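Step one of this worksheet: look at the structure below.
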Amino acid sequence: MSNDKILNQIRDLNSNIEICSIFDDQFKAYGRVLDNSPYQNLCKLLESNTVITPNNVYAANEPKLFDIEAFNSAKNFFGGIEIQIGYCNGKNTTLNGMEYHKSPEIIVSGTDILLFLATQSDLEDFSRLHSSCAKVFYAPQGSSFALNPGILHLSPSCVHKSGFKSVIILPKGTNLDLDEKIDDREIESKILFKKNKWMITHKNREPLVKQGVSIGVIGENTKLIPIED
């Protein structure tokens with residue numbers, strides 16, 4: 001099935017939600033599409049070395065995804081700093097929460113994926129974001145793109161009911177546990193959850209609430225309907 005047919009099908013299933021493509025002009029406010037060629041082998045490594053489970057699995061750094069061309073291209077993209085190549089796989093279909101990094105994030109779509117995205121201007125007082133502010137974007141299998149620093153996002157969501165796979169490339173250390181408590185006199189520090197990871201969650205997302213993520217996504221915990229396989 002072509003990418004256009006898949007996009008139209010997922011739009012038909014979710015007619016109450018505007019779904020754009022990362023190739024649309026609207027995406028330019030959130031990030032930019034990258035040349036696929038340096039990252040194509042990552043999709044093959046992702047397919048052969050990882051699985052999809054009912055619950056999302058995130059690995060910040062996965063040695064089995066190392067590819068010299070992709071590594072060098074990503075390191076150049078990040079200006080020569082140390083990077084990590086990991087993955088996020090699962091069967092997520094809901095918004096659940098939002099996070100941001102003060103660095104870009106490269107995502108390679110191992111399968112078709114959907115992403116909820118919002119901008120810093122949507123985030124009030126570093127504490128609240130209405131779920132209606134989140135825009136949904138479709139990224140077809142094999143596409144590579146970078147989110148701008150500060151763009152709010154979380155796990156990808158399924159296009160197909162069978163689940164999703166994605167490669168996540170970030171500065172080394174991102175999403176790891178903090179070494180020490182951060183001075184919380186700064187209002188932004190109140191939502192700092194991990195290294196280079198500021199995060200809020202919806203009150204109904206119990207796993208994140210139990211981990212201590214600040215409740216800050218208000219409104220409906222938007223749910224997407226995936227395509228039956």
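The values are calculated or read from the model by the stated rules, or taken from the named source; none is laboratory data. This is a predicted model, so every value here is computed, not measured. Methodologically, a virtual Cβ is constructed for each residue, glycine included, from the backbone with ideal geometry; neighbour enumeration extends over all protein chains shown. Note: accessible area is taken over every heavy atom of the protein model, side chains too, but ligands, DNA and RNA are not part of it. Shrake-Rupley method; radii C 1.70, N 1.55, O 1.52, S 1.80 Å.
Residue by residue through region 1-36, note down the ones that are in a helix (DSSP H, G or I) and among the basic types (K, R). Across region 1-36, the qualifying residues are K5, R11, K28.
Look at region 1-23: where a residue is without any contact (Cβ under 8 Å) to a residue 40 or more places away in the chain and under 20 Å from E220 (Cβ atoms) and a partner is among the hydrophobic types (A, V, I, L, M, F, W, C) and buried (at least 17 other Cβ atoms within 10 Å of the Cβ), sitting 6+ places away or on another chain with Cβ atoms under 9 Å, you get R11/I17; R11/I19. Within region 201-227, residues that are farther than 16 Å from T93 by Cα reach partners that are aromatic (F, W, Y) with beta carbons closer than 7 Å, at six or more positions or on different chains, in the pairs V213/F193. The residue list K161, K165 contains one member that is open to solvent by less than 20 Å² (accessible area, probe 1.4 Å), out of contact with any Cys (no Cβ under 6 Å at 6 or more places or on another chain) and basic (K, R), which is K165.
Can you pull out the residues in region 120-139 that are farther than 21 Å from N16 by Cα and either touching a strand residue (DSSP E or B) at 6+ places or on another chain (Cβ under 7 Å) or touching a residue at least 24 places away in the same chain (Cβ under 8 Å) (or both)?
Q120, L123, D125, F126, S127, R128 - these are the residues of region 120-139 that are farther than 21 Å from N16 by Cα and either touching a strand residue (DSSP E or B) at 6+ places or on another chain (Cβ under 7 Å) or touching a residue at least 24 places away in the same chain (Cβ under 8 Å) (or both).
Mind telling me which of the residues L13, L65, L95, L7 ends up being open to solvent by 30 Å² or more (accessible area, probe 1.4 Å) and either at pLDDT 95 or above or closer than 30 Å to S131 by Cα (or both)? That would be L13, the only listed residue that is open to solvent by 30 Å² or more (accessible area, probe 1.4 Å) and either at pLDDT 95 or above or closer than 30 Å to S131 by Cα (or both). Restricting to region 169-183, give me the number of residues that are under 14 Å from the mean Cα position of the chain (by Cα) and open to solvent by 10 Å² or more (accessible area, probe 1.4 Å). The total comes to 1.
In region 175-218, counting only strands (runs of 3 or more DSSP E) that sit wholly within it, the ones holding 2 or more residues that are touching a Leu at 6+ places or on another chain (Cβ under 7 Å) span 197-202, 214-218. Mind telling me which of the residues E206, E228, E186 ends up being closer than 30 Å to N41 by Cα and open to solvent by 90 Å² or more (accessible area, probe 1.4 Å)? None of the others qualify; the one that does is E228.
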